[in-house]
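Report on the following structure.
Nothing in this text is a laboratory measurement; each read-out follows from the coordinates by a stated rule. All of these numbers come straight from a predicted model, not from anything done at the bench. When we count neighbours, we look across all protein chains shown, and the Cβ atoms used for this are built from the backbone with ideal geometry, even at glycine.
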Amino acid sequence: MTPRLLLLNGPNLNLLGTREPDVYGTATLADVERIAAEAAAAEGYDLRALQSNHEGVLIDAIHDARADCRGIVINPGGLTHTSVALRDALTGVALPFAEVHISDVYAREAFRHHSFLHDVAAVRVIGQGAAGYAEAVRRLVALIP
Ligand code: CA2
């Protein structure tokens with residue numbers, strides 16, 4: 001069976017490509033999902049993509065990934081900086097995961113400098129725009145036995 005990754009995008013990332021192009025570029029959510037899926041396919045992986053504005057929906061998807069995914073690529077959006085619950089879900093399922101940020105969070109407001117995932121993510125890709133999703137897929141797959 002073809003191995004699978006889960007791609008999660010968190011709150012407000014459905015707005016990609018519609019506003020703030022100076023911060024987030026012009027790629028849409030559909031574009032980043034395609035970029036990630038193509039990178040996964042090149043590595044012999046399927047990819048299931050979900051975006052949600054609701055923390056609990058993201059947590060349920062992380063739990064469900066235990067059944068059929070080998071790893072998770074996640075841009076948690078603003079939940080990066082606030083959510084112990086998301087961290088607990090990711091550590092709880094014990095799947096390797098990549099944390100992606102389109103913008104360079106360390107060049108922005110101080111409140112974006114802290115990530116609740118930084119010390120438990122297997123891979124972190126920050127500030128590389130939409131292409132960062134492809135890099136995250138490649139680096140994550142390289143860690144999966
Ligand atoms: O740089 C990233 O990918 C972020 O995870 C994006 C989050 C932000 O809270 C993080 O600090 C960094 C916000 C996503 C909002 O996306 C929008 C896209 C277009 C227009 C408005 C919001």
Checked the stretch 122-145 for anything of a type in the set (Gly, Ala, Ser), assigned to a loop (DSSP other than H, G, I, E, B) and within 13 Å of the ligand (Cβ to nearest atom); matches are 127, 129, 130
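Listed residues 118, 114; which is touching a residue at least 24 places away in the same chain (Cβ under 8 Å) and surrounded by fewer than 19 Cβ atoms within 10 Å (Cβ to Cβ)?
None of the others qualify; the one that does is 114.
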Checked the stretch 1-34 for anything in a helix (DSSP H, G or I) and either farther than 18 Å from residue 76 by Cβ or within 13 Å of the ligand (Cβ to nearest atom) (or both); matches are 13, 14, 15, 21, 22, 23, 24, 29, 30, 31, 32, 34
Flagged pairs (Cβ under 6 angstrom, 6 or more apart or on separate chains; first in the stretch 69-95, part of a helix (DSSP H, G or I); second small (Gly, Ala, Ser)) are 77/10; 79/10; 80/115
